[in-house]
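Student: The structure that follows is given in the form of structure tokens.
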């Protein structure tokens, strides 16, 4: 059995849900138009993942094997609805910019995947750790992807945008033309491609050094 | 009311859908052998094909159907034991195997006859004028075996001779199929003495093209009929059950085509010129000892004869001396 | 007006190196290594014993089957060995080694006969007994070509005098110097086949040979000389038939499937010897040429002579030899050592200097399509080469690698220097192996 | 000399062989006389080594053509047009050309260094990609744009697919389309070739052209009546931009206003446009060299132009006031450079003649469809890229018929 620190860290790097497992592509590609959006989407997913993993782990012995998927989906849908309501109530601008992708967390493969592959077989504490690790990995990746796309495609770096508070750095002067395509859908694919390529290159280099 | 309605709706949907699932479970259920999944868990997931089935899942399915459980060489005896456990059958002893390149003639010992120009592949090279190597049986050294090895177990000496690192080899046997000269053989991992030559040419032809080729002199087979056989001008070790390693037989090989893992590490055996000198010394030593032995035996026999003639029956002491010295030679 | 086919290439012909050199006789070797496998088909079975005395022309090996021909002693002397020896193809093959007694005495030969007085079957028997094979390079037993199944009518016989391979001039010289002999052999072959038409196809770059042949043909009924466009591989059987008759040999078939038999110039000369004098095939004209030899020549040499003797007769190497090729540069095989003995089908010894050799490295295909335009069989060498390189055999299906005649046009024209012919050879070997495996499995199922 | 060496090494053979024979003590008389080569090389490898022959598969001669020669020839054939653009647009054009070409070469070397692949940057494919890209850019493109384009062309469009020979899309055009989407503003700012105009001030009086009018209105351009004045004007202003003839045709013509320059202007490039579309003559000159040397075949360019002519001709005949005539469409935009230098890219176009014709026709028709009814005024890049995507399937269905399928009627059985 793996150590708890391993459970926490593997979601960040070794089994990063986006860059290694290639799960949750839909929000990854769609909402990372700015760093802040990526961060918001990541945190929302993290919250749902934490809730569903804890709950599934708690009731894992009660669920009959044959109907486990419907049960997980009900659990996940409940948490997603909760998060949706919370975001709408407190960070309305984020809620509107993420739009449909919040309800779509229900079908995010990461969440159902972790429920099926991990929470249904592990204790509460381990499942929570797993959720935090995976959620953080997802959040950080989306944040990094959103940062790159926003900086290249818009010249800015938005870290917070809550009501009147706006923390935004302008990294390219207004007169320089940004690479507009980066915040358009094709840019998401190109940036993600380079992220995955970079990740693979680092892993391969480490491996060859170890050997 | 605003609180009760969602609860009612959700429960209602749950009840309807649950009923539907119950019906589906009754009529659509597929019996799947749970053992297949269990077998998949314990198979090594190398998907190497050594068992002859397409991947580990293929083997798992066939195992349930009742094929030989001792086919997974990468898994080794542990896996076989586990398979036997799951299937509830008797475990068979799986002899762990490793791949062995049966050629010791690098470019320094078995030279090339021409400079090959073309794709760097043994398969392609042997099609051009029957290959650049003078020996038509020997390792071409362009690495078709290394290409297919996923565990980086195939390495090359400075003189372009392929050899397998036994510690890395998982016995998937891919390299066996890749070699156009059929030089690679799966051998039991616990055996220490191997013939590293596959040449089937008459002795004088082999000798002309390779300094370490088997010349089919049959000395090894004469020494140890149980372990060595010479067929088609080529000596080979009988790896079947019952035969055992006899390092002395390795020592008698004049060209040094027989490698004894107890004495030499494979790489130094293939590359170090000093070991050939050492081999010669050991051979001389052995010969001298055997000569002495024979002389002693003769003497003893003569003595015994004499003693017999002298009606004193003391032929015993001379007999046990022979196996004793043999052991010392190891 | 000249005729040609679609595809092909125009390499540097370099024929002027040796085209002016009259045919000379190479003295018989002291020691002849006569391979029992000199032809396509089953190797001959040794018919002599060690230490046996043999005369020139005596049978050394009997034909082992229908697609097989006997092998004869090229010199008189003593058999010293029957053992494995280096074959021009690089492998070790069984050969009879004869040490010369210096007499060079013919064995007993039948009296000279006029070809007209012999029946078709008698001629065919003489050809087979003389061990005659196609001397253009393929070494296919000639009598097999002369025995079409009864359901096939042969209406035309072609004399392949294109000699499209660069450098080689042996056929050219033979036609210039002995046109009557070539024609006589050709007519004998026509008689065997009962073909109505006979066409001699000569490339335009051999005006003297064409003149000599036209003169020899004179008014012989049904024989004509066709001018061929100078293009490689004009002398490929299929290309020759296409150019002269506009027929295509059916895929997987032989020329006789479209009513044609093609014979080579040197083969016809050998046939004349066999039919007229009953002499077996023990010598042939070989061009020794290339920038790597001092003075290129055309030599009539005995089978079993080491290549080195040919090179010495051409004044030896000029500079360092880079590669020695038996045959022409497009389809000939490189040999490892000049000690290799020549066989019946060795029509040329080409020595290339290291500077002339193509580079060793090759790059990825850039899909320029030059190979496609060059392929005389209209295949897709670019695609085939890519799949062969990564061994994607299933993708090769439908690309007809098996039709490839290995003429080398694709590899010649490839700017990325891809070894396409080698790839295809390997693919064909793989296909043959698969077919054999499938056949074995089939027979196992049947049992 | 070398022949003598060979002799000595040969002579060493039997001697060494007889030694071997004695050592094995088997059948030594035969062994001693055997002059088979094994003995010679086996026992004296040091002597034999320098004499070793090379062995390779046939054919043993090659045409001498090479990838790098082809690439550099195409490169050279584009240089006159590139030079002309420098003459027309001045330093700006030179900077664009240098940045794109140099950038592509440097980036390719870096990629090959980091991926530890074989260095093949000297084969000229990267330089050619860079030059082709530069020729599709507006003269005022910034250094950043050029470098981003070079990066996309060399890395995204080529290296990630496996390098030269494996890229499905024309790298230069991929880069151009990327830039067009990434930098919509700068990529559609077309400077007027002031220098060229200044040399021929009569243009201003002889013709009233729509783009010149537009420019003149903003800068009092039309009042600068002499060449010297124009020169000084050219020196003063940073850049004067105007719509390309195609844009004019698309926008103004639709409304029934505006006039266009004469065909001769298109020929010599007295119009706003990208570096490579301003001189039809020099491009045709380069293309002629390629055609004569057999580096490109006529199939793609001719069918490309044919597609353009047919579409333009039909629409022009149907409504001459709304649609321009075929010659206008041939001479403007990137049709010439596209048809002769881009669509003929070996790697991304079909290799079989029939496929080439289909490919070219497709390019021509798509170009015209985009020009006439699409959102962009120019469609050559998109048309070629779309047809690049179709290349594998075209290739699959246009393979040549192999030899040996022609039926042969056996003569009447007698």
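Student: Specify the residue that is surrounded by the fewest Cβ atoms within 10 Å (Cβ to Cβ); the eligible residues are those in the range B:60-94 that are at positive phi and part of a loop (DSSP other than H, G, I, E, B).
Tutor: B:88
Student: Any chance the range B:129-151 includes a residue that's over 30 Å from residue B:208 (Cβ atoms), more than 14 Å from chain C (Cβ to nearest Cβ) and either out of contact with any strand residue (DSSP E or B) (no Cβ under 9 Å at 6 or more places or on another chain) or not in a loop (DSSP other than H, G, I, E, B) (or both)?
Tutor: Among the residues of the range B:129-151, at least one is over 30 Å from residue B:208 (Cβ atoms), more than 14 Å from chain C (Cβ to nearest Cβ) and either out of contact with any strand residue (DSSP E or B) (no Cβ under 9 Å at 6 or more places or on another chain) or not in a loop (DSSP other than H, G, I, E, B) (or both), which makes the answer yes.
Student: Keeping to the range B:3-59, report how many residues are over 30 Å from residue B:72 (Cα atoms), part of a loop (DSSP other than H, G, I, E, B) and more than 14 Å from chain A (Cβ to nearest Cβ).
Tutor: Adding up the residues that qualify gives 1.
Student: Evaluate the following for residue D:356: is it buried (at least 19 other Cβ atoms within 10 Å of the Cβ), within 14 Å of chain C (Cβ to nearest Cβ) and assigned to a helix (DSSP H, G or I)?
Tutor: Yes; evaluated as a whole, the condition is true for this residue.
Student: Can residue C:390 be described as within 16 Å of residue C:426 (Cβ to Cβ), over 30 Å from the mean Cα position of the chain (by Cα), more than 9 Å from every other protein chain (Cβ to nearest Cβ) and without any contact (Cβ under 8 Å) to a residue 40 or more places away in the chain?
Tutor: Yes.
Student: Looking for whichever is part of a helix (DSSP H, G or I) and within 11 Å of another protein chain (Cβ to nearest Cβ) here; the options are D:315, D:391. Which one fits?
Tutor: Of the residues listed, the single one that is part of a helix (DSSP H, G or I) and within 11 Å of another protein chain (Cβ to nearest Cβ) is D:391.
Student: Can you tell me how many residues in the range A:1-21 are in a loop (DSSP other than H, G, I, E, B) and more than 13 Å from residue A:139 (Cα to Cα)?
Tutor: 7
Student: Determine whether residue B:126 is touching a residue at least 40 places away in the same chain (Cβ under 8 Å), in contact with a strand residue (DSSP E or B) (Cβ under 8 Å, 6 or more places away or on another chain), within 14 Å of chain C (Cβ to nearest Cβ) and within 22 Å of residue B:234 (Cβ to Cβ).
Tutor: Against the criterion (touching a residue at least 40 places away in the same chain (Cβ under 8 Å), in contact with a strand residue (DSSP E or B) (Cβ under 8 Å, 6 or more places away or on another chain), within 14 Å of chain C (Cβ to nearest Cβ) and within 22 Å of residue B:234 (Cβ to Cβ)), residue B:126 does not qualify.
Student: Can you go through B:265, B:245, B:260 and tell me which one is within 30 Å of residue B:158 (Cα to Cα), assigned by TED's automatic domain parsing to the domain that holds residue B:103 and loosely packed, with under 13 Cβ neighbours inside 10 Å?
Tutor: B:265
Student: It is to be established whether one or more residues within the range C:276-291 are assigned to a helix (DSSP H, G or I), surrounded by fewer than 23 Cβ atoms within 10 Å (Cβ to Cβ), under 19 Å from the mean Cα position of the chain (by Cα) and modelled with pLDDT under 95.
Tutor: no
Student: Then there's this: Considering only residues that are away from chain C (no Cβ under 14 Å) and crowded, with 17+ Cβ neighbours inside 10 Å, look in the range D:65-85 and name the one that is nearest to residue D:152 (Cα to Cα).
Tutor: Of everything passing the filter in the range D:65-85, D:75 is nearest to residue D:152 (Cα to Cα).
Student: When the range C:42-84 is examined, which residues are found to be within 10 Å of another protein chain (Cβ to nearest Cβ) and either within 21 Å of the chain's Cα centre (by Cα) or surrounded by fewer than 19 Cβ atoms within 10 Å (Cβ to Cβ) (or both)?
Tutor: Matches in the range C:42-84: C:50, C:80, C:84.
Student: Follow-up. Please go through the range C:85-127 and pick out each residue that is farther than 19 Å from residue B:202 by Cβ and within 14 Å of another protein chain (Cβ to nearest Cβ).
Tutor: The answer is C:88, C:89, C:98, C:99, C:100.
Student: Of the conditions (1) at pLDDT 95 or above; (2) under 19 Å from the mean Cα position of the chain (by Cα); (3) under 26 Å from residue D:322 (Cβ atoms), residue D:379 clears all except one; give me its number.
Tutor: (1)
Student: Here are some residues: D:124, D:130. Which one is within 14 Å of another protein chain (Cβ to nearest Cβ) and crowded, with 19+ Cβ neighbours inside 10 Å?
Tutor: The match here is D:124.
Student: How about the range C:125-236: which strands (runs of 3 or more DSSP E) wholly inside it have at least 3 residues that are within 27 Å of residue C:289 (Cα to Cα)?
Tutor: The strands (runs of 3 or more DSSP E) meeting that bar are C:156-161, C:197-203.
Student: Of the conditions (1) in contact (Cβ under 8 Å) with a residue 24 or more places away in the chain; (2) away from chain C (no Cβ under 14 Å); (3) more than 15 Å from the chain's Cα centre (by Cα); (4) within 23 Å of residue A:194 (Cβ to Cβ), residue D:159 clears all except one; give me its number.
Tutor: Going through the list (1) in contact (Cβ under 8 Å) with a residue 24 or more places away in the chain; (2) away from chain C (no Cβ under 14 Å); (3) more than 15 Å from the chain's Cα centre (by Cα); (4) within 23 Å of residue A:194 (Cβ to Cβ), residue D:159 breaks only (2).
Student: Just wondering, is there one or more residues in the range A:90-102 that are in contact with a helix residue (DSSP H, G or I) (Cβ under 9 Å, 6 or more places away or on another chain), over 17 Å from residue B:10 (Cβ atoms) and not in a helix (DSSP H, G or I)?
Tutor: Looking for residues that are in contact with a helix residue (DSSP H, G or I) (Cβ under 9 Å, 6 or more places away or on another chain), over 17 Å from residue B:10 (Cβ atoms) and not in a helix (DSSP H, G or I), one finds at least one in the range A:90-102, hence yes.
Student: Then there's this: Does the range D:86-96 contain any residue that is surrounded by fewer than 22 Cβ atoms within 10 Å (Cβ to Cβ), within 22 Å of residue D:340 (Cα to Cα) and more than 14 Å from every other protein chain (Cβ to nearest Cβ)?
Tutor: So far as the range D:86-96 goes, yes, one or more of its residues are surrounded by fewer than 22 Cβ atoms within 10 Å (Cβ to Cβ), within 22 Å of residue D:340 (Cα to Cα) and more than 14 Å from every other protein chain (Cβ to nearest Cβ).
Student: Please go through the range C:396-441 and pick out each residue that is within 10 Å of chain D (Cβ to nearest Cβ), part of a helix (DSSP H, G or I), in contact with a helix residue (DSSP H, G or I) (Cβ under 8 Å, 6 or more places away or on another chain) and within 18 Å of residue D:352 (Cβ to Cβ).
Tutor: Within the range C:396-441, C:409, C:410, C:413, C:420 qualify.
Student: Any idea which residue in the range B:187-211 is surrounded by the fewest Cβ atoms within 10 Å (Cβ to Cβ), counting only those that are in a loop (DSSP other than H, G, I, E, B) and away from chain D (no Cβ under 14 Å)?
Tutor: Here the answer is B:190.
Student: Can you report the number of residues in the range C:28-41 which are part of a loop (DSSP other than H, G, I, E, B) and surrounded by 17 or more Cβ atoms within 10 Å (Cβ to Cβ)?
Tutor: So the answer is 7.
The values are calculated or read from the model by the stated rules, or taken from the named source; none is laboratory data. On a predicted model such as this, the values are computed, not experimentally measured, just so you know. Backbone-built Cβ (ideal geometry, glycine too); neighbour counts: all protein chains shown.
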